[in-house]
Amino acid sequence: MDSEQIAGSAGAILYLTNVHCADCVRDMMDAVLLDRPGVLGTSYDSGDCTLRVTFDPATTDLEDIRRAVSDLGYGFAAEPQPPHADRRYPGWIVVLAVAVGVTAAILVVRMLLGV
């Protein structure tokens, strides 16, 4: 979407959450948003999960667009989000990963020393 505003159109910036795949967002734009009456253009920045939408306010509104995006499982934030900002790992997974790494390092050292 160009920075030029299309005459009679409105623009919106949506900060998405629950984004795990930039290609999926692009597919969503092609399959869902661009097929909606009144949506004139979209662009997606995977660096900060920002979706820009240009639409004809006489045909559709921002709430309709947000609902379509939300129906696909995406959420919205008040500001740009780094990719996977909403993905948190439980503490036990981190502890397990560290334990496996330490155990592997000990085994390699023992093997090299012949112990």
Inter-site label distance for Ala97 and Asp71 at 7 Å from Cα along Cβ, in nm: 3.6 nm
Arg26-Asp48 pseudo-label distance in nm [points 7 Å out on the Cα-to-Cβ vector]: 2.1 nm
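Evaluate the charge dipole of segment 10-77 about its Cα centre and quote only its size in Debye, nearest 20, assuming +1 on the Cβ of each Lys and Arg and -1 on the Cβ of each Asp and Glu.
In total the dipole reaches around 80 debye.
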R0 of 25 Å, Cβ-Cβ distance Ile13-Ala58: FRET efficiency to nearest 0.05: 0.75
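Every read-out reported here was derived from the displayed coordinates using simple, explicitly stated rules and does not represent laboratory data. Bear in mind that the values here come from a model prediction, so they are computed numbers and not experimental data. Please note: Cβ atoms are built from the backbone with ideal geometry, for glycine as well, and neighbour counts cover all protein chains shown.
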